[in-house]
1. With in contact (Cβ under 8 Å) with a residue 12 or more places away in the chain, aliphatic (A, V, I, L, M) and assigned to a strand (DSSP E or B) as the only criterion, which of Ala220, Ala212 stands out?
2. Tell me which residues, restricted to the stretch 352-368, are loosely packed, with under 13 Cβ neighbours inside 10 Å and modelled with pLDDT under 90.
3. Here is a list: Ala310, Ala369, Ala294. Which entry is of a type in the set (Gly, Ala, Ser), closer than 22 Å to Glu272 by Cα and in contact with a helix residue (DSSP H, G or I) (Cβ under 6 Å, 6 or more places away or on another chain)?
4. Please work out which one of (1) among the hydroxyl-bearing types (Ser, Thr, Tyr); (2) closer than 21 Å to Glu272 by Cβ; (3) modelled with pLDDT under 90 is the condition Thr336 fails and give its number.
5. Go through (1) out of contact with any Phe, Trp or Tyr (no Cβ under 7 Å at 6 or more places or on another chain); (2) surrounded by 13 or more Cβ atoms within 10 Å (Cβ to Cβ) one by one and return the number of the condition Tyr323 breaks.
6. Among (1) among the hydroxyl-bearing types (Ser, Thr, Tyr); (2) in a strand (DSSP E or B); (3) modelled with pLDDT under 90, there is one condition Thr74 misses while meeting the rest; what is its number?
7. Report whether or not Leu172 is hydrophobic (A, V, I, L, M, F, W, C) and not assigned by TED's automatic domain parsing to the domain that holds Gln20.
8. Taking the stretch 235-272 on its own, how many of its residues are farther than 11 Å from Ala294 by Cβ, surrounded by 15 or more Cβ atoms within 10 Å (Cβ to Cβ), out of contact with any Asp or Glu (no Cβ under 8 Å at 6 or more places or on another chain) and among the small types (Gly, Ala, Ser)?
Amino acid sequence: MAEQPVFAPWNDPSEKPLIQFQNVTKRFGDFTAIDDLTLDIFEKEFFALLGPSGCGKTTMMRMLGGFETVTNGTIKIAGQDMNKVPPNKRPVNMMFQSYALFPHLSIYENIAFGLRRTSMDKGAIDARIAEMLKLTRLEKFARRKPHQISGGQRQRVALARSLAKAPKLLLLDEPLGALDKKLRQDTQFELMDIQEKTGTTFVIVTHDQEEAMTVASRVAVMDEGLIVQVATPDAIYEAPNSTYVADFIGDVNIIEGRASQSGNKTKLSWAEGQPNIIGTTTRTFETGQTCHFAIRPEKVAISVEEPTKAANKLHGKILDIAYLGNISTYHVELPTGHIIKAQTANTRRLARRTMTWEDPVWISFTDTAGVLLDR
């Protein structure tokens, strides 16, 4: 069987981006919400803008939809400058957090609403609505009103209505924020499935790291109007470019120290009386330069016995244990006062704990398990 081609248009110099932010700045009075931002998003991408509240991600999306004007710079969609194009003339649809459904109209009529304002004939409109109902698995609910269906179903109605006019681009502003955790996870997979089937480019704004990591082909991590890193979810997680990104995505241990390098190995001198941490990196560090070693808890092993063949091993005692069903997280306090998290998978039916609170333990990790960062 032939292998599926890898979807990575951002690595192909011949691919033209669908969306181009070119040196875009947005100011509200003295406040700069977006600062000289340049970004390309490609056709059929599921692109996530991720960051804390107030970082500028919704402002970016509103400029893309035409609801905010650009102070400086240019936004292009399919090569066309959008700065003077009103929202209703853009090949874009926006799905709001509140869904904004009409309570007095049936699900069918809600989806039909935008189509009835086009030059499509009745037969074509009916066929399109049937297609949307099938795509979002709402055929059985077509005659119901929004208050007669669940939150997850209302979310799918809003999605069907947004996709009915076949926009090139769909903007989703925190679309799953109102759903409970289990439903949100199920709906994430539905969104991915629908995006794949329609081939529409989706741009989602979220502050939920897990959501961005699940649905997106690429993630842009934002902070105070700037994009700090744009990469695939696995690259953001495994190879963050700064302590901000490492800390924002998932759980991480960060140890600060001074670097000394020989070849691709870097020694981190981080505490009096403690062994140096040895890491492997392609970055170049000056001798004595401040350096941060970031390592995910699942890459830290924990044991009662001293490991014999570990590149890095540190002695400490268990301060806390969080049992999360599938995994246990151990908080290990080192003699320096540093607290390191180590994670183990609970593969057995009964958790027979060999380690408990206050126990002396060893934590260990390889020289390639963490990332060395200069900022």
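The values are calculated or read from the model by the stated rules, or taken from the named source; none is laboratory data. These numbers come from a predicted model, not from an experiment. Cβ: placed from backbone, ideal geometry, glycine included. Neighbour counts: every protein chain shown.
1. One residue alone meets the criteria, Ala220.
2. Arg352, Arg353, Thr354, Thr356, Trp357, Glu358
3. Ala294
4. Here Thr336 clears every test but (3).
5. Status for Tyr323: all satisfied but (2).
6. The single condition Thr74 does not satisfy is (3).
7. Judged against the criteria, Leu172 is not a match.
8. Looking only at that region, the number is 4.
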